[in-house]
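One structure is given below, encoded as structure tokens.
The values are calculated or read from the model by the stated rules, or taken from the named source; none is laboratory data. Quantities reported herein were computed from a predicted structural model and do not represent experimental measurements. Please note: Cβ atoms are built from the backbone with ideal geometry, for glycine as well, and neighbour counts cover all protein chains shown. Note: areas computed on protein heavy atoms with side chains; ligands, DNA, RNA excluded. Shrake-Rupley method; radii C 1.70, N 1.55, O 1.52, S 1.80 Å.
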Amino acid sequence: MNRQIDTKRIHTIVIGGGQAGLSVGYHLAKRGIRFRILDASERIGDAWRNRWDSLRLFSPARYAGLPGMPFPARGDSFPTKEQIAEYLESYAKYFHLPIQNGIKVDRLSREGDRFVVTAGNERFESEQVVVAMANYQTPKLPAFAGDLDRSIVQLHSHHYRNPSQLQDGGVLVVGVGNSGADIAIEVARTRPTWIAGKETGFVPFPIDSFLARFFLVRLVRFVGHHVLSVATPIGRKMRPKLLSRATPLVRVKPKDLTDAGIVRVPRVAGVRNGQPLLEDGSVLEARNVIWCTGYHPGFSWIYLPIFGSDRNPVHDRGIVSRVPGLYFVGLHYLYSMSSATLIGVGRDAERVVKALESRSRLLARTAA
């Protein structure tokens, strides 16, 4: 016998309990709007806890705080992933945000004038929904990854924690983005390491220096927060390019890779005899491969007509005109280059919540 599913009716549902969802929750609570945050993790902050162990922010702690609560660390320090996770958990508790953990949403649709959110045996209806997460959620692997010899340890950067997961022998890191560069530096301390691909640029100064911590970071923040935004001509022009390419290297520089003994090799083009085949026709006898190859869009669970040809949501600064009442926060370059970061997500959350509040008032007046 099928058990009937009870439907919970909530004015506004926020999907995602990371920094985006918590920022949205802060502004909703501030305006007295009834809401609930649904998060798939068992604990707030798990998205950070589950990243590689040596991860640190690229920006100092003074810029890592969410609305209403500064980050509790020395302003010029670079927080670790554990510090960020604990901060997010403390933030949710401090503001008494209504969060339901362990709820993995598997469908968002619409019935009449209400949104329907389902998560296993849970069903929710709401007038408005904020999807609070980044564009990319599902690890991307090349189609030929499955053709590598089974004796080779393969990990995506999403699942990499530390070198203890690897076997003895050489490591091929595929992808020269920030995650690939950071991980390559780490594994090169104990194993022969190659890194495949080419970086898309790099920050030309050491971010840990006194000058960078106290002065240059302010310049970078200003550019990423205000100049490279959809509100400026240069920001609108650069947006498609910045969305289609990896972020320039921030902490690690190309010279650092060479100095660490890491061998730069061409792009991985396929597999030959179970081993990675490079673009120049050579083959590497790697014992481990770490794929730092990015993510696919993770919105296949949204059954609404909101996607463009690139499978990403079509929106205007987080507001989805095709489906009134649906909003996004946390997307890359939602408003500016800083939108998906701790630096910028609070500003985007406030703007979206103001739009949500205006719509709520309009609906209330119409119904009266």
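Could you work out, for region 1-96, what percent of all Cα-Cα pairs fall into each 10 Å distance bin, beginning at 0 Å and stopping at the bin that holds the largest distance?
Taking all Cα pairs of region 1-96, the binned fractions are 15, 41, 27, 11, 4, 1, 0 percent.
Carbon and sulfur together cover what percent of the accessible area of the chain at a 1.4 Å probe radius? Could you put the intermediate results ahead of the total?
Values: 9590 of 17920 Å².
Roughly 53 percent, rounded to a whole number.
7 Å from Cα along Cα→Cβ at both SER300 and ARG272: what's the point-to-point distance in nm?
Simple spin-label model gives 3.3 nm for this pair.
Using the C-alpha atoms of region 226-279, what convex hull volume per residue, in cubic angstrom, is computed? Kindly include the intermediate steps, with their values, before the conclusion.
Numbers: hull volume 6.8 nm³, N = 54.
Measuring per residue, one finds 126 Å³ for the Cα hull of region 226-279.
By how many degrees, between 0 and 90 and to the nearest 10, does the Cα long axis of helix 19-30 differ from the longest principal axis of the chain?
In the chain, helix 19-30 runs at an angle near 20 degrees to the longest axis.
Regarding region 180-261, what's the average projected area of the Cα-atom convex hull, expressed in nm²?
The Cα convex hull of region 180-261, projected and averaged over all directions, gives 6.3 nm².
If R0 is 56 Å, what FRET efficiency do you get for LEU363 and ASP76 from their C-beta distance, rounded to 0.05?
0.75
Identify all lysines with a Cα-Cα distance to LYS93 below 30 Å; exclude those on the same chain that are fewer than 8 residues away in sequence.
Correct list for LYS93: LYS8, LYS30, LYS81, LYS104, LYS354.
Quick one: helix 81-94 against the long Cα principal axis of the chain, what's the angle to the nearest 10°, folded into 0 to 90?
That helix lies at roughly 10 degrees to the long axis.
Measuring with a 1.4 Å probe in the full set of protein chains, what accessible area per residue, in whole Å², belongs to the chain?
49 Å²
Please report the equivalent ellipsoid semi-axes of the chain, computed as sqrt(5 x eigenvalue) of the Cα gyration tensor, largest first, in whole Å. Don't skip to the answer; put the middle values down first.
Working: eigenvalues 284, 123, 76 Å².
Equivalent ellipsoid semi-axes, largest first: 38, 25, 19 Å.
Taking N as the number of residues in region 223-357, what is its alpha-carbon radius of gyration divided by 2.2 N^0.38 Å? Could the numbers behind the result be given before it?
Values: Rg = 19.7 Å, N = 135, 2.2 N^0.38 = 14.2 Å.
Relative to the rule-of-thumb radius for its length, region 223-357 sits at 1.39.
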